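K.L.:
Pasting in a structure now, in structure tokens, and then I'll have a few things to ask.
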Amino acid sequence: MPRRRQVFLLSPARCDGERARVLLNPVATFPPAVRLRTEGAELGEVFSFLSGLYFRGKLAYARAFAYAPRAVPPALVITTDRGLMLPEDRVTRDDLLRFAEVDIAAGGARHRDPLRRDGQALLERLPKTTRVVLLGSIAVGKYVDSFLDIFGERLVFPLAFVGRGDMSRGGLMLRHARSGGELEYVPVLGAVRRGRRPPKLV
């Protein structure tokens, strides 16, 4: 059976927490902090530092299982005010400070409008059989509502995410990326968004 085309959308890291303060410290000497305030650092590297295991898991999983149509990025990262970006796009200290100003949960126009713009642009480049896999929380609206309006039934997520916390999801994705066994996906539309917490990963 032919493999189905799919692209991944990765939820963002929190940009206003303790790890962000460490990364933004103007006298920090570790490589990601130095790159961030000089030539810029890759968004994937920055969010992996901010979110730790969870974002590293998302990035590794997307790179392992993306199967995008020609000329379409295999994975895109949700941001607070710049819509969808490539994990390889470079960001600076000023970019991260601007990210931290926007509350995604509030769902304001500064977050929503660029996201809907880029989501619509992505839809126009996708064949109708390509699905969009969201690696992030669907328990609350945030970006999910915007994506549902755009992608409808083609927006799916890993069923194993239901009931798991961020660290558990990150570990799960890293494990599957290494083993080569892809998770089962279900449509976000009509899905049970919350569930009983599954057993801890061994």
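The values are calculated or read from the model by the stated rules, or taken from the named source; none is laboratory data. Only a predicted model underlies this, so the values are computations on that prediction, with no experimental measurement involved. A quick note on method: Cβ atoms are made from the backbone with ideal geometry, for glycine too, and the neighbour counts reach across all protein chains shown.
K.L.:
For the range 46-165, please list each of the helices (runs of 4 or more DSSP H) lying entirely inside it that holds at least 1 residues being acidic (Asp, Glu) and more than 25 Å from Pro31 (Cα to Cα).
P.N.:
Passing ranges, in order: 109-125, 144-151.
K.L.:
Of all residues in the range 53-76, which are in contact with a Pro (Cβ under 8 Å, 6 or more places away or on another chain), closer than 14 Å to Leu174 by Cα and crowded, with 16+ Cβ neighbours inside 10 Å?
P.N.:
The answer is Leu59, Ala62.
K.L.:
When the range 77-114 is examined, which residues are found to be hydrophobic (A, V, I, L, M, F, W, C) and either exposed (fewer than 15 other Cβ atoms within 10 Å of the Cβ) or over 25 Å from Arg21 (Cα atoms) (or both)?
P.N.:
The answer is Leu86, Leu97, Ala105, Ala106, Ala109.
Here's the yes/no breakdown for (1) of a type in the set (A, V, I, L, M); (2) at pLDDT 95 or above; (3) within 16 Å of the chain's Cα centre (by Cα); (4) under 13 Å from Ala60 (Cβ atoms):
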| residue | (1), (2), (3), (4) |
| --- | --- |
| Ser146 | no, no, yes, no |
| Arg154 | no, yes, no, no |
| Gly163 | no, no, no, no |
| Met167 | yes, no, yes, no |
| Leu172 | yes, yes, yes, yes |
| Ala191 | yes, no, no, no |
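K.L.:
Restricting attention to the range 98-153, which residues are more than 23 Å from Gly190 (Cα to Cα), of a type in the set (Gly, Ala, Ser) and in contact with a helix residue (DSSP H, G or I) (Cβ under 9 Å, 6 or more places away or on another chain)?
P.N.:
Once the filter is applied, which keeps residues that are more than 23 Å from Gly190 (Cα to Cα), of a type in the set (Gly, Ala, Ser) and in contact with a helix residue (DSSP H, G or I) (Cβ under 9 Å, 6 or more places away or on another chain), the range 98-153 yields only Ala100.
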